[in-house]
Each structure stands twice: as structure tokens, then as C-alpha cells.
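Okay, so here's the structure we're looking at.
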């Protein structure tokens, strides 16, 4: 939720300067002065490229040889006709510049993470059905699919994914329809809508956008943003797991509608209506939003911010960081008036800011002449009254009766537990599990394993490691021994992805990792399983020897002794239940080769031969994602001239 005027025109400019296609694009410009904020439309005319519409050298030429050229099929189709695109993966960019219906079920446009254009709609009255567009790398406010100054574009049954910065961008025009499609895992947001009118998005899934926090969600990121547009409708969509707002109307939107949507697990507000006029938000199921923005009135299921004439009613809103927030700030816009909140069901586990009206500049929001009011809402709160700042109107209201005495609410009641459960079931919202999802998900989980090195007198060499996450600014790793306190572990750099450890035999260890992402977001902790450290000496009953083996004293050995063999095909077998294993042996001039089999499968040829002697070396290791029963067999090859192998000890984590 931006608490400042919208970005300057440079941040809202048309896609970067390119060559090849002439287009005209209208972008909203927010002109900030000391007295008012004006929303104007500025036409931008520029040329942009259509990269890769013809086969490129190498793999593109090979790939296209197996498929028809989609651009050629489009170009050859008569205006107003229907063209069917064969199922295939098309490594090219495509432009539709005539009135056309395109049936493209099974067809994939692949940008190969380097093309700046996926599908460009450059004519009105185009319908595209069934297309998948992926891995496009555009710029500014371009999308993997985008329109420029055209009208009545229909997209249905499509998938747009894994592109940056935007899955779908609608710029200018009227009468667009985006239906039954999925916009997922795009770098900044699922959709961007600018200067359009009479447009509907229905029955779509918009999820997991801004996955790496690479973009600042206080400016623009998340499910998507609509701005400087009129009569925009979102109906029956599922909007979830986006890092930023779910559906964001910002700066000059007039007549916004959001009905019958399921909006959940978004980092900021489920629905945000900001510096705009007239909205109808009803029949929505909104839960578990806003937990990544825990300040003042922000992070609500529905936020009305510095706007007028919003009608918020008959929504079911549960388990969000805030419930419903109506906010008035000095945003260089007229007094915020005629906002009405009524007949909603709002549920909260924390009892913090369940519903409220907030003004941080002079209190005009509370003037009766401005027509802001609420009535008939129903609440369920896990904590008994009084709860600090349960409701807000000219400050905290700790009881429902005090809230009902304001213009912000009239006739509100509490739900019984049974009525709460019925309301949740009717809205398709799961019960609260009692653990608010504060913080961003970690996106990677650490792993603790034994590694090569030298066995200590009472320790095994270990390492914590994890997969890298794009745009991570810092990893933080901590260790817990037995039931002790968590201890921070210093990493070699802020973005190092592993840390060596000495693990004491007979003790339990657990690691936890969290990440500072781009945008300053700190994740929740991700944990390894708790692991007990085992060491078994060469005489352990769990090691079974076959063939001729001998036990002798050895300098530097773990426990002072080793078992060795020079007999061909002599074996040592160790069965255990664990997730990580090491074989410890001396290395030296008389030692040779051994084969290692794990769970009956040959895994490695281990060379113990070196020019000088060294003790307690980890000569083989194996790890698994989960603990389980495993059998390791070591077989001597009796290498000519240095036929000996040894077992000093084995170690494992369970």
C-alpha cells in the first residue's frame, strides 16, 4: 500500500525504445502539485521490436523446423477468420495485427528467457483461446501478452507464466475480456491495466506473482494493478499467494467492481482501492492476507484508501492482518466521502483492528457531512472484550458497543461459534489454524548432512546447505544443540549458501534458515529435522564383516584401532536408519581401492592410496532427503601392490 502519490511518469512510461513495430500507447500520468492530484492521459507513440518472429540460428531453427511458423499462420489468415494453431512449442514472438479468432489449445509461445515480446495484440476485435505464453523477458509495463491502444481483446483458457515483469498488460482501449485463464509466477505482477474501460476479468487464477520479492510492492507488485481506468470488473477469480496486494485499483480508477472472488494469502491487502472513485466490492471470500505489512491500518482484507464512494458489503473476511480499513490521508485529493461498509462478516484471531476508519490529517473522514458510515456488520473475535484497538473511529474502540455508537458502525453484532463456522463453510474459507502466517515464506529449506574431512576425537564433520534464491540479499543461519538456545552461525558472505559444522557425537542438532529478500522483506524460519549424531567404531555390532579381516592398533585412529583386509572381495556391511552416512578410514601408501554399494546399487570407486599416511579421513559419504533404512556395503578390490583397505569407523545422522 503506497502512502505517497503514485509514481512519476518515468515509472509509468511505455515499454522501452525498440525498433520494428509502430504503436501508440496511452499511459496515465499522475501530476502532483501542492493543491491537487490530476489524472491525465498522455499518448505515447514509439517503435518497438518484434523479436524473433523468424527463426533464429541454432536451437531456434531446429525447434521451428518441427513446428509451423505461427506468425506465418497468423499473417496468412484472412481478416475476420478463425485460425487454428497446431499444438507445438513456438520459439518466436508473435504479433496479431488484424481482426482474428485464434484457437491455440496446446500451443506454447516460449520466450526462452531472452525475447522481449511474447504475444502482441495490435488490432481490435482479436480473440485468443487456449494459448500458453512463458519465459518472456520484457521491460517497464510490457507483459508477456500485451495490448496497445486496441479494443475488445478477448483472452480465454490461457496460461501466462514465469515471465517478467508482467504476465498480461492491457494498455488503452475498451471492452477487453480476460476469462478462465491463469497468470502465474511473473516477476512483478500478474496483470497491469492502464487507461482502459468496460473491461472484465472473470474466473481467472492469479497466483504466486512477485515470487522473489524483486519488485517493491509498495510501488507496484503482487496480483496486479489497475489505474486511470473506468468500469473495471473482477468477478469469480482466485487471487492468491502474490507478494503484494491481491487486486489493486490505484490512482484515477472510476467504477471498480470486485465480486465473488476468492482472495487469500497475499502479502498486502486482499483488495486495495486507492485514490479512486466509486467501487462495489461484494460477495468476496477474503482470508489470510496482509501479514507482510503489519503497520497502522494497512494489511487489511479490504482497504479503501483516500477514495470516495466505495460500497463494501456482504463479504466474508477472515484471518487477515486487519479486517476492513477505510483510510484518509493527505494525498492531494478531495475530502474522502460517501464510503459505506455494511453487512459484512469479519473474523479475527488476534482482535487487532478488526474494522476501522483511520484519518491522519485533520479528521475530515469523521465529519457527518462527508457521508462515511457503516452498519449491520457481524464480527467474530477469538479474544474477549476489551481488546486494545479492536475497532477504530477517532481512535481505539475496545468494545463493540462503543463502535456501534459512532458513524462508523451501527447495529453490528457478534457471531456465535456455530454461526461463524457456517459462514466460513458458505464462503469456502478454512478454519483458522491459530498460527498467523507472519512474514514471507522462505522459498528454500536448509539441509544438514555429513561431509568429507577429518573425523574429530568426538565430532563428525557436517555442513548446512540450501538452494540459492534469486534476489536474496542475505541468508541467516542458526543452530540448536539438543534443547538449548538457538545460536547464530557466521557465514562467509551475506549470500553464502553453506556453512561447515562440527557435530558432537551423541547430541541432536537442528538448523533454521531465514532470508532477507529484495524489498527488505524478512522471511519466516525454515527448519531442518532434528538429527542425532551417531558414530560406530570398527568393532560395532552393526558392522558385519565377510572374508579375512584383522583388528590392529593404529596411530591416530578413532578409538585407537582399525580393521583391515587384503583379501580380494572381502566385504564390510553396515545397516542403519538415517539420512546421512560417512565411512572413515586411514589413507596411505599400502592402501588400495574399494567399491561401495548402497542399497544394492553400485555407487562409487573409492581410492585410499596416497603417498603419505593420514588418519581418520572421511573417504565416502552419502545423503538422502529423508531418513530411511539403508545398507552400505564396502568391497575390497585387493589392488596389486597395495591391496589393503580399512574400516576405522562409520557415522550417520538419523
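Worth pointing out:
This table checks each residue for (1) under 23 Å from residue 229 (Cβ atoms); (2) under 17 Å from the mean Cα position of the chain (by Cα).
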| residue | (1), (2) |
| --- | --- |
| 248 | yes, no |
| 255 | yes, no |
| 267 | no, yes |
| 276 | yes, no |
| 285 | no, no |
| 295 | no, no |
| 299 | no, no |
| 306 | yes, no |
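- Scanning the range 528-541 for residues that are touching a strand residue (DSSP E or B) at 6+ places or on another chain (Cβ under 6 Å) and either surrounded by fewer than 15 Cβ atoms within 10 Å (Cβ to Cβ) or not in a strand (DSSP E or B) (or both) yields 528, 530, 538.
- Of the strands (runs of 3 or more DSSP E) lying entirely inside the range 266-338, those containing at least 1 residues that are at pLDDT 95 or above and closer than 21 Å to residue 382 by Cβ are 285-287, 300-305, 316-318, 322-328.
- Test for residue 238: is it within 18 Å of residue 174 (Cβ to Cβ) and surrounded by fewer than 24 Cβ atoms within 10 Å (Cβ to Cβ): no
- Candidates 573, 601, 610, 565: the one that is surrounded by fewer than 18 Cβ atoms within 10 Å (Cβ to Cβ), closer than 22 Å to residue 539 by Cβ and assigned by TED's automatic domain parsing to the domain that holds residue 543 is 573.
- Among the residues of the range 362-382, those that are under 30 Å from residue 419 (Cβ atoms) and in a loop (DSSP other than H, G, I, E, B) comprise 372, 376, 377, 382.
- Of the residues examined, residue 326 is not one that is in contact with a helix residue (DSSP H, G or I) (Cβ under 6 Å, 6 or more places away or on another chain) and on the phi < 0 side of the Ramachandran plot.
- Criterion (buried (at least 16 other Cβ atoms within 10 Å of the Cβ), closer than 19 Å to residue 154 by Cβ and over 34 Å from the mean Cα position of the chain (by Cα)) met by exactly one of 96, 85, 74: 74
- Residue within the range 407-420 that is modelled with pLDDT under 95, in a loop (DSSP other than H, G, I, E, B), surrounded by fewer than 16 Cβ atoms within 10 Å (Cβ to Cβ) and touching a strand residue (DSSP E or B) at 6+ places or on another chain (Cβ under 7 Å) present: no
- Test for residue 102: is it buried (at least 16 other Cβ atoms within 10 Å of the Cβ), without any contact (Cβ under 8 Å) to a residue 24 or more places away in the chain and part of a strand (DSSP E or B): no
- Subset of the range 467-493 [touching a strand residue (DSSP E or B) at 6+ places or on another chain (Cβ under 7 Å), modelled with pLDDT of 95 or more and not in a strand (DSSP E or B)]: 482, 486, 491
- Just one of the numbered conditions (1) touching a strand residue (DSSP E or B) at 6+ places or on another chain (Cβ under 6 Å); (2) in a loop (DSSP other than H, G, I, E, B) is not true of residue 430: (1).
- Members of the range 300-319 found to be surrounded by 24 or more Cβ atoms within 10 Å (Cβ to Cβ) and over 15 Å from residue 249 (Cα atoms), listed by number: 315, 317, 318, 319
- Flag if residue 440 is buried (at least 18 other Cβ atoms within 10 Å of the Cβ) and modelled with pLDDT of 95 or more: no
- Residue within the range 615-627 that is farther than 30 Å from residue 447 by Cβ and either at pLDDT 95 or above or crowded, with 19+ Cβ neighbours inside 10 Å (or both) present: no
Each row is one residue, and each column tells you yes or no for (1) buried (at least 23 other Cβ atoms within 10 Å of the Cβ); (2) closer than 24 Å to residue 225 by Cα; (3) in contact with a helix residue (DSSP H, G or I) (Cβ under 8 Å, 6 or more places away or on another chain); (4) in contact (Cβ under 8 Å) with a residue 12 or more places away in the chain.
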position: 108; (1), (2), (3), (4): no, no, no, yes
position: 111; (1), (2), (3), (4): yes, yes, no, yes
position: 118; (1), (2), (3), (4): yes, yes, no, yes
position: 125; (1), (2), (3), (4): no, yes, no, yes
position: 129; (1), (2), (3), (4): no, yes, no, yes
position: 134; (1), (2), (3), (4): no, yes, no, yes
position: 138; (1), (2), (3), (4): yes, yes, no, yes
position: 145; (1), (2), (3), (4): yes, yes, no, yes
position: 153; (1), (2), (3), (4): yes, yes, no, yes
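- When every residue of the range 165-173 is checked against the conditions, none turns out to be surrounded by fewer than 23 Cβ atoms within 10 Å (Cβ to Cβ) and part of a strand (DSSP E or B).
- Filter result for the condition that a residue is out of contact with any strand residue (DSSP E or B) (no Cβ under 9 Å at 6 or more places or on another chain) and either crowded, with 17+ Cβ neighbours inside 10 Å or in contact (Cβ under 8 Å) with a residue 60 or more places away in the chain (or both), over 209, 216: 216
- Residue that is surrounded by the fewest Cβ atoms within 10 Å (Cβ to Cβ) [pool: residues in the range 342-361 that are part of a loop (DSSP other than H, G, I, E, B) and at pLDDT 95 or above]: 343
- Hey, residue 446 under 30 Å from residue 213 (Cβ atoms), surrounded by fewer than 13 Cβ atoms within 10 Å (Cβ to Cβ) and within 35 Å of the chain's Cα centre (by Cα) or not: no
The values are calculated or read from the model by the stated rules, or taken from the named source; none is laboratory data. Given the structure is predicted, the values throughout are model-derived calculations rather than measurements. Glycine gets a Cβ as well: all are built from the backbone with ideal geometry, and neighbour counts include every protein chain shown.
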